[in-house]
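The values are calculated or read from the model by the stated rules, or taken from the named source; none is laboratory data. Note that this is a predicted model, so its numbers are computed, not measured. Don't worry about glycine lacking a Cβ; one is built from the backbone with ideal geometry, like all the others, and counts go over all protein chains shown.
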Amino acid sequence: MALAVGGAVWIGLREGIIPLRLFIDIREWWLDLLLGISAGLLLLGLWKGSERVFPMAQELEDQLGTVLGRLGRTEVIALAVLSGFAEELFFRGAVQGTFGWVPATILFALLHTGRGRAFRLWTVFALIAGLLFGGLMEWRGNLLGPVVAHFLVNAVNLWRLASPEDSGRLPRGSAEGEKES
């Protein structure tokens, strides 16, 4: 939430008023929505592919899942909405709007780090996602596409990580093919 407030204050100081056009193009909102969904699905597919290539992807998921604990559907959606909106308002709206696409992407990636080599994969994935989100913002000039893409990626991944039994993902600590009771 602090990112959203910080981004809003930053944009307000820079612009004087936060323009509606920053959030949505009233005439072509449907295009931004479709682009956001497409970008989110592309990133989810990329992550699924990385799980097959990089063994540390499972290690990262296990670590993130442990930190998250169990979450209900409402909590997953709320976290995905808040994080997607707040991060995009801050990184694409404020940072990218002031310093440009590349600095915003690098900062976004650097803030998606953690201890251990598995987290390097998360940082690289965040760099790729940041490039895509920033590219949407640069191309379309509003946050709808990046927010939708970010929400979709976060919602699906939070659900998978925090509710493994309900998402088809193996529960943490289970041998392949076994289910926890």
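Among the residues of region 133-150, those identified as surrounded by 22 or more Cβ atoms within 10 Å (Cβ to Cβ) and either part of a helix (DSSP H, G or I) or not polar (S, T, N, Q) (or both) are Phe133, Gly134, Leu136, Met137, Leu143, Leu144, Gly145, Pro146, Val147, Val148, Ala149, His150.
Let's see how each residue does on (1) under 14 Å from Gly93 (Cα atoms); (2) at pLDDT below 90; (3) among the acidic types (Asp, Glu):
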residue: Trp122; (1), (2), (3): no, no, no
residue: Ala129; (1), (2), (3): no, no, no
residue: Gly134; (1), (2), (3): yes, no, no
residue: Glu138; (1), (2), (3): yes, no, yes
residue: Gly145; (1), (2), (3): yes, no, no
residue: Leu152; (1), (2), (3): no, no, no
residue: Leu158; (1), (2), (3): no, no, no
residue: Ser163; (1), (2), (3): no, yes, no
residue: Glu178; (1), (2), (3): no, yes, yes
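Filtering region 52-74 to residues that are touching a residue at least 24 places away in the same chain (Cβ under 8 Å) and either in a helix (DSSP H, G or I) or buried (at least 19 other Cβ atoms within 10 Å of the Cβ) (or both) leaves Met56, Ala57, Glu59, Leu60, Glu61, Asp62, Gln63, Leu64, Gly65, Thr66, Leu68, Arg73. The residue pairs whose first member lies in region 21-40 and is within 14 Å of Glu138 (Cβ to Cβ) and at pLDDT 95 or above, whose second member is among the hydrophobic types (A, V, I, L, M, F, W, C) and not in a helix (DSSP H, G or I), and whose beta carbons are closer than 8 Å, counting only pairs six or more residues apart or on different chains, are Leu22/Leu143; Asp32/Ile24.
Just so you know, in region 63-92 the residues that are among the small types (Gly, Ala, Ser) and within 15 Å of Met1 (Cα to Cα) include one that is farthest from the chain's Cα centre (by Cα), and it is Ala78. Within region 92-135, the set of residues being among the aliphatic types (A, V, I, L, M) and in contact with a Lys or Arg (Cβ under 8 Å, 6 or more places away or on another chain) comprises Ala94, Ala104. Each residue in region 13-48 was checked for being over 17 Å from the mean Cα position of the chain (by Cα) and of a type outside the set (Phe, Trp, Tyr), and 16 pass. For region 85-94, the condition holds for no residue, the condition being that it is free of Cβ contacts under 8 Å to residues at least 40 places away in the same chain and either touching a strand residue (DSSP E or B) at 6+ places or on another chain (Cβ under 9 Å) or on the phi < 0 side of the Ramachandran plot (or both).
Among the residues of region 113-132, just one is closer than 12 Å to Leu43 by Cβ, touching a residue at least 60 places away in the same chain (Cβ under 8 Å) and either of a type in the set (Gly, Ala, Ser) or assigned to a loop (DSSP other than H, G, I, E, B) (or both), namely Ala129.
Just one of the numbered conditions (1) within 25 Å of Phe125 (Cα to Cα); (2) not in a helix (DSSP H, G or I) is not true of Leu33: (2).
Would it be correct to say that Ala4 is small (Gly, Ala, Ser), out of contact with any His (no Cβ under 7 Å at 6 or more places or on another chain), surrounded by 15 or more Cβ atoms within 10 Å (Cβ to Cβ) and under 26 Å from Trp159 (Cβ atoms)?
Details: small (Gly, Ala, Ser): yes; out of contact with any His (no Cβ under 7 Å at 6 or more places or on another chain): yes; surrounded by 15 or more Cβ atoms within 10 Å (Cβ to Cβ): yes; under 26 Å from Trp159 (Cβ atoms): yes.
The answer is yes for Ala4.
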